Amino acid sequence: MRISSSAPTRVDLAGGTLDIWPLYLFHEDARTVNFAIDLPASCTIETTTGSAIHLVSRDLGREESFPNLSALLKAKKYQLPLVALLIRYFASVAPMPGGFKLITDCKSPAGAGIAGSSALNIALCGALNRLTGLRLSLPALQNIAKNVEAQVIRVPTGEQDYFPAMCGGLNAIRLTPGGIVVDKLRTDLAAFERRVVLCYTGAPRQSGINNWEVTKAHIDGNKQVIRNFERIAEIARAMRGALEGNDWNDVARLLREEWQNRRKNAPGISTPLIDHLIAAARRNGALAAKVCGAGGGGCVLFFTADGAKDRVSETLRREGARVLDVHVAQRGLTVTRSSAPG
């Protein structure tokens, strides 16, 4: 038996970090706005004869093997902790086959800030859900993914990253005391894509560390951080309206404001390289820019004037950044099963 799964990564437009519990409970009508992109994370599981379990990460270049499931469960450390801990969880609630080979891959650059680990998490949960025959719902998989990722990074995780991976599209994710509500936005996606450039700086970042510093400052009552997040929440609400109205000038204005407020929250969110790339791009047609995720490196999103996308892309390449050719991924998690490899 072979099971294959795939889930898209995402780019956040507004409201990021507010999706970390309990921050969104302190801001009225909190939401994040993001879109799924076609740089997927994938998982393949092939059952084998015997009892051995072999785990492989193609993008990280790591692998590890266990003689059987019992040995995996008893291990104290793992080369691939997210994979191993998810297997541990699913094995605790449903029977596992005797032996299998599990291979993961992620098209997102390492530490890019576009939720590669969360997309991989959802792809893994989808594949393991099918392998064990549990038939868990998407909300149940999101809850497992969020909690296991927190075990790995050892700080709280956000809510927003899993929903583009599960659902695809351009979304406003409402964060309420009663739960998370995902609204698909009706936007001219072709016009939107003509104005979007995503580049990788070549410098990976650690989102868990940056986000935890900001979260702790908010919970500790830092008035400046709280004010910044109040404005970020307002911007996220306005961003939804601008996108659904196809008001690209307003989208650019809000993106600029989001970045200005976000970079006040913690040192290290921006870097000299990021500032240099943004300045160069603005001289060549970029209307706004912001770092993806928690900042400190990774990817930068640019929103350009209509017709300026190619010019901005070439500018960024000349400055040494890697421009990623991305499109909005309309579809989220997919899982297929076949009786034989191939």
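The values are calculated or read from the model by the stated rules, or taken from the named source; none is laboratory data. Note that the structure is predicted; figures quoted are calculated from it, not measured. We place every Cβ from the backbone using ideal geometry, glycine too, and count neighbours over all the protein chains shown.
Can you tell me which residues in segment 297-321 are surrounded by fewer than 23 Cβ atoms within 10 Å (Cβ to Cβ) and in a loop (DSSP other than H, G, I, E, B)?
The answer is 305, 306, 307, 308, 319, 320.
Does any residue in segment 14-29 that is part of a strand (DSSP E or B) come within less than 9 Å, Cβ to Cβ, of a residue that is among the polar types (S, T, N, Q) and surrounded by 14 or more Cβ atoms within 10 Å (Cβ to Cβ) six or more places away or on a different chain, and which pairs are these?
Partner pairs satisfying both residue conditions: 14/32; 14/34; 20/157; 20/211; 20/215.
Got a sec? Which of 111, 133, 178 is out of contact with any strand residue (DSSP E or B) (no Cβ under 8 Å at 6 or more places or on another chain), over 24 Å from residue 45 (Cβ atoms) and either surrounded by fewer than 20 Cβ atoms within 10 Å (Cβ to Cβ) or assigned by TED's automatic domain parsing to the domain that holds residue 244 (or both)?
On inspection, the qualifying residue turns out to be 178.
Looking at (1) on the phi > 0 side of the Ramachandran plot; (2) exposed (fewer than 14 other Cβ atoms within 10 Å of the Cβ); (3) of a type outside the set (Lys, Arg), which one does residue 17 not meet, given that it meets all the others?
For residue 17, the failing item is (2).
Looking at (1) among the β-branched types (Val, Ile, Thr); (2) within 18 Å of the chain's Cα centre (by Cα); (3) surrounded by fewer than 20 Cβ atoms within 10 Å (Cβ to Cβ), which one does residue 47 not meet, given that it meets all the others?
(2)
Inside segment 104-116, can you point out the residues that are outside any loop (DSSP other than H, G, I, E, B) and in contact with a Leu (Cβ under 7 Å, 6 or more places away or on another chain)?
Residues of segment 104-116 outside any loop (DSSP other than H, G, I, E, B): 104-106, 116.
Within segment 104-116, 104, 106 qualify.
Of all the residues that make up segment 66-81, how many are under 8 Å from residue 53 (Cα atoms) and at pLDDT below 95?
Of the residues in segment 66-81, 0 are under 8 Å from residue 53 (Cα atoms) and at pLDDT below 95.
So which residues in segment 239-260 are surrounded by fewer than 19 Cβ atoms within 10 Å (Cβ to Cβ) and of a type outside the set (Lys, Arg)? Write out each step before concluding.
Initially, segment 239-260 is screened for residues surrounded by fewer than 19 Cβ atoms within 10 Å (Cβ to Cβ), giving 241, 244-247, 249-250, 253, 256, 260.
Scanning segment 239-260 gives 241, 244, 245, 246, 247, 249, 250, 260.
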